[in-house]
Structure formats: C-alpha cells, structure tokens
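The values are calculated or read from the model by the stated rules, or taken from the named source; none is laboratory data. Because the structure is a prediction, the values reported are computed rather than measured. Cβ atoms come from the backbone with ideal geometry, glycine included; neighbour counts cover every protein chain shown. Each accessible area value is taken on the protein alone, full model and side chains, heavy atoms only, with ligands, DNA and RNA left out. Shrake-Rupley method; radii C 1.70, N 1.55, O 1.52, S 1.80 Å.
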Amino acid sequence: MERVYNFASGPACMPLPVLEKAASELVCYGSSGMSVMEMTHRSKDFMDIIQEAEKLLRELMNIPANYKVLFLQGGANLQFAMVPLNLFKNKKADYVITGQWAQRAMAEAKKFGTVNVVASSEDKVFNYIPDLDKIAFSKDADYFHITLNNTIFGTRYTKLPEPEVPLVTDWSSGILSEVIDVSKFGLIYAGAQKNIGPAGVTVVIIRDDLIGRAMDITPTMLNYKTHADDGSLYNTPPTYSVYMSMLVFEWLKGLGGVPAIQKINEEKAALVYDCLDNSKLYKGTVVPKDRSLMNITFVTGDEGIDKKFIKEAKSAGLVNLAGYRTVGGMRASIYNPMPMEGVQALVAFMKKFEYENK
Ligand code: PMP
C-alpha cells in the first residue's frame, strides 16, 4: 500500500527516512541484541540515546548552558499545571488568550493562584494575535504565558512580548520550525507529537533559576527539580519515543538544522497561502500578518462544500484535512516532516477542486 500525505495536527506525519531507520533497527539496536523497546532505561545503550537526544536538541535550538532540557510525560496538558505549581511565588501570572490551549493553560493556573488576562483574541474567534499593551502587564507576576503557535486557529506570534518577568511558552505545534532565541524565555514546553516525534514525550526547556522553587503541595513527579536532578530518569521515561525523537533531531541536523527547515517551512506555507489568496472559493481564516507556518486554516463558507473537499482529498491520498472538531472548515498541518511534494500535491488538488466546484 502506498503512503498518504498526512496533514494531521498531531500525532502527525514523521520523516520517512526516520521511519525507515527505526524499522531497520527495530528488532536489534546496534550491538545490544535487542530492540530499544526492550531496554532498561538504566542501560548504557539507552543512556547514550537520551544524552544524544539532549545534545542534538541543544545544538539545533542553540540552548544556552544555563537551561535544562527535560524529557517528560503527560503532554502539554500536564505542563498547564506544572508551570504554575513550579513557578508560583506571588501566585500570580499573566496570560495572553489566543485559543483553546491558552484557555486550558489559564484554567489550570487559576487552580493555584490568580491570573491576569493581558489580552485575548476571543472576540474574533481567535483569528489574530492581539497587540500587547505593557500597561496591562503585572509587575508582580511570577511569569507571563503565551501560546506561540495556535494549532487550532492557525495563528502565530511573529514578535515576542517583552515582559520583565520570565516568559513561558507552549510551543507544542511550532518547536524547531523556525529560529528563536531561547534566552528570551524562562521556560518552553512542547508535546513531541508534531515536530519532534511520536506522542509520549514532552520537552521542557527551563532556565536554571526557575528550578527548585515549586510550591510545597507539588507532587514529586510534577516538580521540575526531580527530573532535572535525575537527567529525566527519575522514573521510566517513554524510552522508544525518546529514541524516535533522537532520530528526528539527527534527520533535522542532516537537513541543515532549524535555519534550513525554516526556509522550507516558509516556502511550503507560502504555496498554500498564495493559493488561498488567489482563490474565489477558499478563504483563509486568519489575518495575514499572524498566519501560522504550521497550521493553515481555511473555509469555503459552505459546510457542504467543505465536507466534499475533505472527502475527495482523502480519496486523492491527502488525509486529515478537517478543521478542529469544534471549529470545522479545513486545516492543513504542515509540520517539519511534511515534504514539499505533499504541499504541492495539496495545492494542485485545491486548484482542481476549485475548478470543478465553481
Ligand atoms: N498546546 C498546543 C498548542 C497543542 O497543539 C496541543 C495539542 N494539539 C496541546 C497543547 C495539548 O497537548 P497534549 O495532548 O500533548 O497534552
């Protein structure tokens, strides 16, 4: 059977060379005589894998030495709670609300303290990134939280806020897609299942001074210090997902790293946005200046035609193009592993569909 082009928002497509390499090592990894899945996490072979994964991620993102890299579990959803539990002192934080994930993050923080909503784009169904007025920033906040790329609504920040307190971001759907300056952040977290690898790993990049100050009620497993002190090996990590992440990092490094993939991502996104902008059938849902490079959302304005589009695309080998379940319309998630050919095939299909449905 032929592989399809998978535009899912996550878990999402993986680089084919990574899958092939994993397949070739599935039964016997190196000279271990066993699969990575069968290895104890305390073995030298696995220690080498997790350390190599960290080394590669540090290199790819240019992570400064005063930051720890943690491979955790529980997804970004658990980070929504871990962030306040670990960073609250004054028990107050600033949140910018740019979609459902930001709302969920805020809801968890509210369980442990006070949240100040700096700005929200809910008035226009989150189709833009709000301007941020420094007057609305709290001086005594423990941190300032943003969702850098909004998977569901298809927006992304192109300019970072500059709060005086640590900037914390959920970068689940954008990590490694473009160059950022890690030193501008106190903490970055991301579920792996979009740009990093299979589900199961959550990457946390945290500045040293934010570790070791968790609230007393924090369970051991939810304390960043627990994992930082033990090299992410306090308990059994998702070993196979860490290994797959390492292979994805190697693949990305081989392509030329983040600057190289950013260029490709910009080209891929431009192909789809150009198609939307030149179409009489499709409408991009996001204001152009805030468009995501990773998640492209669009509608035809007619739900019946949207459904037809999704169904016919599937028959053409272009799958998972339906928008988020509460939003509808279409969404093409084009993460790092989505090849240019996949995007070209999508655009060709969009043009053909438009011609046939004029
Ligand atoms: N934040 C963002 C920006 C996401 O895209 C997602 C998943 N789609 C989540 C959080 C939730 O992640 P998880 O399922 O890993 O908890």
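Residues of the stretch 155-164 that are under 24 Å from M215 (Cα atoms) and surrounded by fewer than 18 Cβ atoms within 10 Å (Cβ to Cβ): E164 alone. Contact annotation: residue pairs with Cβ atoms under 9 Å, 6 or more positions apart or on different chains, pairing a residue in the stretch 347-358 that is over 19 Å from A270 (Cα atoms) with a partner that is buried (at least 17 other Cβ atoms within 10 Å of the Cβ) and of a type in the set (V, I, T), are N357/T300. Only one of the listed residues (E20, E2, E52) is open to solvent by 70 Å² or more (accessible area, probe 1.4 Å) and in a helix (DSSP H, G or I). That residue is E20.
If you take the residues of the stretch 180-198 that are out of contact with any strand residue (DSSP E or B) (no Cβ under 7 Å at 6 or more places or on another chain) and open to solvent by 20 Å² or more (accessible area, probe 1.4 Å), which of them is farthest from the ligand (Cβ to nearest atom)? This residue is S183. Inclusion of Q103 among residues that are assigned by TED's automatic domain parsing to the domain that holds V203, without any contact (Cβ under 8 Å) to a residue 12 or more places away in the chain and within 16 Å of the ligand (Cβ to nearest atom) is warranted.
For the stretch 67-94, a residue qualifies if it is in contact with a strand residue (DSSP E or B) (Cβ under 6 Å, 6 or more places away or on another chain) and more than 13 Å from the ligand (Cβ to nearest atom), and the qualifying residues are Y67, K68, V69, L70, L87, K92, A93, D94. When the criteria are applied in full, I188 meets the requirement of being more than 23 Å from L26 (Cβ to Cβ) and not hydroxyl-bearing (S, T, Y).
Name the residues in the stretch 202-222 that are of a type in the set (G, A, S) and either buried (at least 16 other Cβ atoms within 10 Å of the Cβ) or more than 16 Å from Y67 (Cα to Cα) (or both), would you? Across the stretch 202-222, the qualifying residue is only A214. None of M1, M82, M37 is among the aliphatic types (A, V, I, L, M) and over 30 Å from M294 (Cα atoms) except M37. Of all the criteria given as (1) within 16 Å of the ligand (Cβ to nearest atom); (2) in contact with a Ser or Thr (Cβ under 6 Å, 6 or more places away or on another chain), the one not satisfied by N116 is (1).
Rundown of residues vs (1) assigned to a loop (DSSP other than H, G, I, E, B); (2) under 23 Å from the mean Cα position of the chain (by Cα), yes/no style:
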| residue | (1), (2) |
| --- | --- |
| G197 | yes, yes |
| G200 | yes, yes |
| D216 | yes, no |
| A228 | no, yes |
| N235 | yes, no |
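Listed by first and then second residue, the pairs with beta-carbon distance under 8 Å, at least 6 apart or on different chains, first residue in the stretch 293-307 and assigned by TED's automatic domain parsing to the domain that holds M338, second modelled with pLDDT under 95 and of a type outside the set (G, A, S), are T297/V327.
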